[in-house]
Amino acid sequence: MSGRTPYGWAGSVEAFLSQPSTAVVSSLESHLEQLMGFSASGSQVTAWLEEEALMRASLRDLAVARPDVSHWGIALEYELHLEGGRRPDVILHSGEEIFVLEFKQASGAPTGAIDQVVAYARDLAEYHKASHDVLVEPVLLLTQARRIGASPEGVHIVAPAQVGALLEARSTRSGVDMQSWLDSPYEPLPTLVEAARMIFREQPLPRIRQAESAGIPEAVDLLVRLTKEAHRDSLRMLAMLAGVPGAGKTLAGLHLVYDRLSDDHDAVFLSGNGPLVQVLRDALKSKSFVQDLHAFITTYGTSRRAPDHHIVVFDEAQRAWDSGYMTYKGRGVLSEPDVLIEVGERLQDWCSLVGRVGDGQEIHSGEEAGMRQWATAIEQHASMEWEVHCPPRLRAQFDGQKVTEHDELDLTVSLRSRRAEDLHEWVAALLTDELGKAARLAGVIQDSGFPMYITRDLEAAKHYLIERYQDEPERRYGILASSRTQRFLPQFGVDSSWPATKKVNFAHWFNRARGEANAGSNLETVVTEFGCQVSGTGIGHACGGLG
């Protein structure tokens with residue numbers, strides 16, 4: 001946090017009520033300027049004054065009837081770490097319940113505003129350590145409403161006059177050490193781009209509780225040790241890091257190359273995901289951070305040159321192209337594993353090749369040969385002895401090789417939230433025409449705080465996205481469309497044809513903010529399943545889908 005507090009103002013309710021309104025708002029202005037680098041607009045200051053006055057009146061009246069309320073905690077503009085400036089307006093902590101209040105200067109409740117406050121409450125409950133065992137309640141306060149009747153399940157929608165009654169009815173007599181709550185870590189798993197930016201700035205990645213419990217530090221430590229032994233003893237080493245989807249294999253690979261092994265700049269991160277390479281290079285303004293796997297293969301597979309890196313980390317080892325597909329693509333007669341093993345042999349004294357293996361993800365032609373290609377490459381092209389390190393379940397793929405098994409190289413716990421797993425099941429059910437199952441899953445997903453909507457009105461979908469993320473400029477969203485539906489989508493004003501989508505600059509589409517040229521958030525250009533594979537890395541945040 002660079003010495004600044006992650007909130008505009010915070011303390012006990014008693015302290016809040018004793019502070020002049022001008023002092024509280026001045027603190028909010030200072031925080032915004034430190035966080036965003038610009039001063040608050042006049043309309044923002046006016047909104048803060050209105051919010052502060054409403055909270056002060058509600059809490060003052062409540063504290064008269066309930067003196068224990070003075071010991072509750074309150075935070076204004078609390079900053080969600082690593083979330084691009086997301087800040088709930090007010091957090092009120094009674095000790096046993098947390099109320100997340102979002103103010104809207106409206107008389108009706110926009111769908112986007114409801115989803116916004118629900119997301120705040122959901123993420124605090126999931127990522128904020130001191131909030132794990134506390135009931136977190138989302139509250140949408142409509143400043144221009146006189147009275148609100150029923151609220152959607154899971155969220156409270158209230159008018160100003162109803163705030164006190166809500167707090168009185170929903171809270172217990174308690175109190176809280178608000179400073180301890182404020183000091184507790186908020187630990188979302190960073191997106192791949194954000195993790196790369198942090199590493200590139202030579203900042204340590206945050207200690208992520210889920211990543212630590214999933215075994216990522218142990219896997220990275222083992223790979224670091226094996227790589228250093230290969231260097232020390234002049235060895236050729238091939239290691240395979242396997243894991244279920246969402247287990248953090250990419251995060252571990254980045255950590256290995258750029259945080260743990262970058263002192264001598266002798267490592268490179270290769271990806272066959274072309275859009276991902278474009279996005280990372282653009283985000284970091286550097287071409288050395290990550291390189292295109294297929295370009296690397298072509299460069300060194302058609303020459304006898306040796307790369308500058310003894311440590312090569314590459315993704316999707318199970319999807320490496322076989323020799324037939326390489327020939328079809330005009331990139332030589334050797335498979336990708338053949339080329340990488342040959343490259344490893346050219347490197348002077350030693351090398352460390354580390355492949356990341358995703359379960360069940362051989363999805364394109366030319367990738368069916370799978371893991372067995374790596375053993376074949378060593379058998380046919382290695383003139384020196386190679387040491388293979390892999391999880392026990394991959395041992396059979398390397399018969400005849402010198403293999404050491406390591407449980408640490410098998411990441412079996414997905415870091416994705418349970419909501420994400422349910423979403424994947426919903427998509428599968430929808431695509432296989434299991435509509436009853438899809439309907440049941442949709443209800444579960446919606447109830448868990450992951451909103452989904454279906455509409456045939458593209459303009460309504462666009463309006464929702466703009467409204468939903470108007471206060472979160474770092475969020476990225478856009479239009480996705482299946483490449484197989486290009487004949488049906490022109491009626492919606494969507495062109496998902498090959499001539500249109502091949503012109504999309506993926507780096508600009510994912511990285512640029514709304515209003516900047518070529519940004520996906522402008523909702524003008526479309527990406528298909530081939531471009532949006534970047535979203536699977538955690539780069540994309542919210543997209544409207546068609547097809």
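Every read-out reported here was derived from the displayed coordinates using simple, explicitly stated rules and does not represent laboratory data. All values derive from a computational prediction rather than experimental measurement. Because the Cβ atoms are built from the backbone with ideal geometry, glycine has one as well, and the counts that use them run over all protein chains shown.
Based on Cα coordinates alone, diagonalise the gyration tensor for segment 274-350, multiply each eigenvalue by 5, take square roots, and list the semi-axes in whole Å, largest first.
On the way: eigenvalues 88, 58, 23 Å².
Gyration-tensor ellipsoid for segment 274-350: 21, 17, 11 Å.
Under 26 Å between alpha carbons, and skipping anything fewer than 8 positions from residue 104 in its own chain: which lysines qualify?
Partners found: 462.
May I ask you to derive the FRET efficiency for residue 431 and residue 34 from their Cβ-Cβ distance with R0 = 60 Å, giving the value to the nearest 0.05?
Efficiency at R0 = 60 Å is approximately 0.80.
Cα axis of helix 458-468 to longest principal axis of the chain: angle in degrees, 0 to 90, nearest 10?
Approximately 70 degrees, to the nearest 10.
Excluding residues fewer than 8 places away in the same chain, name every one of the aspartates and glutamates whose C-alpha is closer than 14 Å to that of residue 329.
In chain and number order, the partners are 367.
Return the long-range amide H neighbours of residue 401 (sequence gap of 5 or more, or a different chain), with a cut-off of under 5 Å between placed amide H atoms.
Hits under the 5 Å cutoff: none.
How much length, in nm to one decimal, is gained on full extension between residue 17 and residue 43, taken as 0.36 nm per residue of separation minus their Cα-Cα distance?
Full extension of this stretch gives 7.0 nm more.
Under the 0.36 nm per residue contour assumption, what length would be gained going from the current alpha-carbon distance of residue 174 and residue 299 to full extension?
This chain segment gains 38.3 nm when fully extended.
Separation between the residue 26 and residue 517 pseudo-spin-labels, each 7 Å from Cα along Cα→Cβ, expressed in nm?
Using points 7 Å along Cα→Cβ, the separation is 4.5 nm.
What angle, in degrees between 0 and 90 and rounded to the nearest 10, separates the Cα long axis of helix 372-381 from the longest principal axis of the Cα atoms of the chain?
40 degrees
Once phi is turned into ³J(HN,Hα) by the Karplus curve 6.51 cos²θ - 1.76 cosθ + 1.60 with θ = phi - 60°, what whole-Hz value does each residue of segment 433-446 show in order, with x for glycine and proline?
Coupling constants for segment 433-446: 6, 8, 5, x, 5, 4, 5, 5, 5, 4, x, 4, 5, 4 Hz.
HN-Hα J couplings of segment 267-281 from phi, Karplus 6.51/-1.76/1.60, θ = phi - 60°, integer Hz, Gly and Pro as x?
Values, residue by residue: 9, 9, 10, 10, 9, x, 8, x, x, 4, 4, 4, 5, 5, 4 Hz.
What number, rounded to the nearest 500 deg cm²/dmol, is the helix-based mean residue ellipticity at 222 nm of the chain, given -39500 (n - 2.57) per DSSP H run of at least four residues and division by all its residues?
About -11500 deg cm²/dmol.
Would you tally the net charge around residue 385, using a Cβ to Cβ cut-off of less than 13 Å, leaving residue 385 out, and scoring K and R as +1, D and E as -1?
-2
Among 64, 136, what is the fewest-to-most ranking by other Cβ atoms within 10 Å? Could the numbers behind the result be given before it?
Values: 64 9, 136 20.
With the fewest neighbours first, 64, 136 line up as 64, 136.
Sort 38, 16 by Cβ crowding within 10 Å, fewest neighbours at the top.
Arranged by neighbour count, lowest to highest, 38, 16 become 38, 16.
Enumerate the amide H contacts of residue 387 below 5 Å, restricted to partners 5 or more residues apart or on another chain; note that Pro and chain-start residues carry no placed amide H.
Amide H neighbours of residue 387, under 5 Å, 5+ apart: 236, 237, 238.
How much of the DSSP beta bridge set in the chain is antiparallel, as a percent to the nearest 5?
20 percent
Which lysines, on any chain, are close to residue 402 with Cα under 23 Å apart, when same-chain ones fewer than 8 places away are left out?
Excluding near neighbours in sequence, the set is 228.
How large are Rg and Dmax for segment 77-135 when only the alpha carbon atoms are used, in Å?
11.8, 35
Which is farthest toward the positive dipole end of the chain among 330, 427, 103, measuring Cα position about the Cα centre, with Cβ charges +1 (Lys, Arg) and -1 (Asp, Glu)?
My answer, from the dipole projection, is 330.
Treating the Cα atoms of the chain as identical point scatterers in vacuum, please give the log10 of the normalised Debye intensity I(q)/I(0) at q = 0.06, 0.12, 0.13 Å⁻¹, two decimals.
Calculated log10 I(q)/I(0) at the listed q: -0.36, -1.19, -1.32.
Which angle from 0 to 90°, rounded to the nearest 10, does the C-alpha axis of helix 216-233 make with the longest principal axis of the chain?
Tilt of helix 216-233: around 30 degrees.
Could you tell me the calculated FRET efficiency between residue 446 and residue 396, based on Cβ-Cβ distance and R0 = 45 angstrom, to the nearest 0.05?
Given R0 = 45 Å and the Cβ-Cβ separation, E is 0.55.
Give me, ordered by chain and number, the residues 5 or more places off residue 354 or on other chains with an amide H under 5 Å from its own placed amide H.
Those qualifying (amide H under 5 Å, at least 5 residues apart or on another chain) are 239, 312, 313, 314.
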